[in-house]
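The next block holds one structure in the form of structure tokens; read it before the comments.
The values are calculated or read from the model by the stated rules, or taken from the named source; none is laboratory data. Given the structure is predicted, the values throughout are model-derived calculations rather than measurements. Counting neighbours? That spans all protein chains shown, and the Cβs are built from the backbone with ideal geometry, glycine included.
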Amino acid sequence: MLSKLKNLFFRSKNPLDMPIEKIRESKIKLDVKIKKLEEEMREIDRSITKLFERAREAESKSEELTIATKIKTLSQRKKQLQYSHALLNKQLRFIDNLLIIKENEEILKSTPLWNTLRSMSPQELERHLIEMKIDSENIIETLNIALGITEDMLSGASEEHDRDIEDILSTIQAVKAGELEAEDAKTLISRDEKKLTE
């Protein structure tokens, strides 16, 4: 993420040198990207609900398996979107904090705090601006853990695929038996995805 931030925002060496108009423009672009991701995730949720409703009418195991595979594909896409959404929100926290500093630049310049901010390296300043809104969590460590989870998921893809398909097929059976509504089935699948991304 740090390299992405540099590419997006750091034409100058210090983020504090960025023109305020450029920061506001970056904030608007990030807001638009985040809203598009959120709408795509909502659309995936709607599609999964419809698939569970279709599964209720499935007449063969083969048709159930086809539907379960489609649900799995959509669930994987949603996980990717959730990961991108989390990264964009971290970038937005950085931009929000930088914007607040720039909007109060004249006041800050009259205090020793300005010199402290100016003396930080771009990387150090970036880290602090992100941490301000995430209770001093180490963003680098958090991202490394997230990437590690992604690598594990990729290395064990076939095994996880089988387990996930089995879970989805069980959920389809519950929908067909009338034990579960399609909307609840979608929520159940989404809850499992959320645990994996947390």
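Note on the stretch 168-185: residues that are over 27 Å from the mean Cα position of the chain (by Cα), small (Gly, Ala, Ser) and surrounded by 14 or more Cβ atoms within 10 Å (Cβ to Cβ) total 1.
Once the stretch 101-132 is narrowed to residues that are among the β-branched types (Val, Ile, Thr) and surrounded by 13 or more Cβ atoms within 10 Å (Cβ to Cβ), the residue that is modelled with the lowest pLDDT is Ile130. Residue count for the stretch 30-77 satisfying the condition of being in a helix (DSSP H, G or I), of a type in the set (D, E, K, R) and over 23 Å from the mean Cα position of the chain (by Cα): 7.
Just so you know, in the stretch 86-119 the residues that are of a type in the set (S, T, N, Q) and assigned to a helix (DSSP H, G or I) include one that is nearest to Arg24 (Cα to Cα), and it is Asn97.
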